[in-house]
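The values are calculated or read from the model by the stated rules, or taken from the named source; none is laboratory data. Since the structure is predicted, the reported quantities are computational estimates derived from the model, not experimental observations. Reconstructed Cβ throughout: ideal geometry from the backbone, glycine too, with neighbour counts over all protein chains shown. SASA here: full protein model, heavy atoms, side chains in, ligands and nucleic acids out. Shrake-Rupley method; radii C 1.70, N 1.55, O 1.52, S 1.80 Å.
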Amino acid sequence: MKKRLICLLPLIITIAIILQYEFAPNFRTFTALDRNAPTHVFSIFMGFFAAGFAVWNVLSVFSQKAFDALRKKAPIYTVALVLLLMYDILTLTMGFLPQPFVPWPDAILNAIIRDREILQLSLFHSLRLLFTGYGIGVVAGVLTGVAAGWSSRVCYWVQPVVKVFGAIPPVTWLPIILVLFTNLFVGAVTLIALAVWFPVTSTTMNGVLSVPKINFEAASTFGVTKFGMIFNIAIPASMPFIFQGLAQGMSIACTALLIAEMMGVTAGLGWYINWQRGWAEFAGMYAAVLIIAVTFFAVNAVLNLLRRYALHWKGDVV
């Protein structure tokens, strides 16, 4: 009974959010011309979640797998929904948080709908910039890391560079990038690639160095060439380290992306945030931040799926 109640909590809190939003009095009266006047968009949005949780609970009655999954996720969903409920109460219902600097959820959703075309274009430009810089940084980092891990001579030169410059935040390179590159897109790609190169190089190098030498000695007795050892032993054995670097690199790349877009590029979510801030459109700012959070969560989820697929042979990858 207790477990079933825990499973129902996300549905109950979601319904509470809808009822609170629709029937609790707001902290002030809004006119019809008010740009951020409350609408029914937030209720409809939460209604989809309520329907999803309701279906999930019904399925959990007939499926043990669905019940176990819901029981595992229900507490974190409940906490997240409670925080959303409190946020709506502190903004639209009570006006406790400073207005108009902290918009309520409905205003943010309406900003996404209102500016959906420019947000889609900004998202496209951000993803293009992100994956261009990230891809270059990953390829360069893996190649450098493998070379440094395999060759002591290469490691002699690479390791100090990684240790000294890898600890420097990406924003530190911004003035140098602005001086060296007249093309802002190329400069932004370079900034992201540099930010990604350091963690990927470091983790890949450590991965290759951690491979037991006896593995290479055994391979050499069977006549395996050096290139065969690199591609068939060193790199596969280093994959957990490489994916660790890929995850770290993506996190740093996301930060570098926003820094790069705020330094003067003419499109992207970072540019959109600056633009909306200039016009004091705080709901639009929060809308872009929400899209960034969802996008980067999705990207990291894809990376995790690739990691689980590539490392399925380990058996303990989560």
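A compact table of results
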| quantity | calculated |
| --- | --- |
| Accessible carbon and sulfur surface of region 116-310 relative to its total accessible area, %, 1.4 Å | 71 percent |
| Accessible surface, 1.4 Å probe, highest first, among residues Tyr134, Tyr272 | Tyr134, Tyr272 |
| Average projected area [Cα convex hull, region 2-101], square nanometres | 7.0 nm² |
| Accessible area in square angstrom per residue, the chain, 1.4 angstrom probe | 56 Å² |
| At least 27 Å along the helix axis (C-alpha) and Kyte average at least -1.0, DSSP helices within the chain | 2-23, 41-62, 64-88, 116-150, 184-209, 239-261, 282-310 |
| Structure-based [θ]222 nm, the chain - -39500 (n - 2.57) summed over DSSP H runs of at least 4, per residue, nearest 500 | -25000 deg cm²/dmol |
| Rh by Kirkwood over Cα pairs, then Stokes-Einstein D for region 13-70 at 1.002 mPa s and 20 °C, µm²/s | 158 µm²/s |
| Sequence of Ser152, Ser60 from largest to smallest accessible area, 1.4 Å probe | Ser152, Ser60 |
| Span per principal axis, largest first, for the Cα atoms of the chain (Å) | 78, 58, 29 |
| Candidate lysines for bridging to Lys65, where Cα separation is under 29 Å - those fewer than 8 sequence places away on the same chain excluded | Lys2, Lys3, Lys73, Lys314 |
| Solvent-accessible area, 1.4 Å probe, carbon plus sulfur percent, for region 21-80 | 70 percent |
| Compactness index (Cα Rg / 2.2 N^0.38 Å), region 78-214 | 1.56 |
| Two-decimal ratio, region 202-318, of alpha-carbon radius of gyration to 2.2 N^0.38 Å | 1.56 |
| Inter-label distance, nm, simple model (7 Å from Cα along the C-beta direction), Leu59/Met86 | 3.0 nm |
